[in-house]
Amino acid sequence: MDAVIAAQSFHWFANRVAVEEIHRVLSAGGSFGTFWSLEDTSVPWVKNLLGFMWPIYEKKSIVLTYQESWKELFGGLCQQLFSAPKGDLSFRHRFPFSIERAYEFFSSYSVIVGGSEQTKKAFKECFDNVMEKHFKGNGIPLDHISFQIHMYWCTKTTSN
């Protein structure tokens, strides 16, 4: 296999076993790439909402791209298997959104939709508070969400 690409997914299996398996299936000189489209955390209201979710992800030991701890996998043995991650080829883009669409979007995140009723209720309360603080309370409409695209890649450095 000449390439393995993990799009919007590497954080779910960012572990040594997965990296070793990716190395095993790649041909000599093959490439491994990761791709994420992430909410722009420099936007205060987005950061407020994600701040609710980050501790849940950490409790579940899910590696978050925002924190870039997934790059730690490329130390030790992984340095023998792959080149250091290249990139970050990144750019920003915006999607039209309303408050209702934003709630549907953020509440569909796995840590919310798969969470307890208490988590879902707490997220709804957090969401409503964030919308009031940043939009409704100021008479400002929510008309878009900004995202950042991130791409990283590395090359297999040893043969099977």
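One residue stands out among those in the range 1-36 that are under 17 Å from the mean Cα position of the chain (by Cα) and among the hydroxyl-bearing types (Ser, Thr, Tyr): the one that is surrounded by the fewest Cβ atoms within 10 Å (Cβ to Cβ), which is SER9. None of LYS121, LYS136 is among the basic types (Lys, Arg) and modelled with pLDDT under 95 except LYS136. Only one entry of PHE97, PHE91, PHE82 meets the criterion of being loosely packed, with under 12 Cβ neighbours inside 10 Å, hydrophobic (A, V, I, L, M, F, W, C) and modelled with pLDDT of 75 or more, and that entry is PHE91.
So, in the range 102-160, how many residues would count as being aromatic (Phe, Trp, Tyr) and either over 28 Å from VAL4 (Cα atoms) or assigned to a helix (DSSP H, G or I) (or both)?
6
The residues of the range 51-66 that are under 11 Å from the mean Cα position of the chain (by Cα) and either modelled with pLDDT of 85 or more or within 16 Å of VAL130 (Cβ to Cβ) (or both) amount to a single one, TRP54.
The values are calculated or read from the model by the stated rules, or taken from the named source; none is laboratory data. This is a predicted model, so every value here is computed, not measured. A quick note on method: Cβ atoms are made from the backbone with ideal geometry, for glycine too, and the neighbour counts reach across all protein chains shown.
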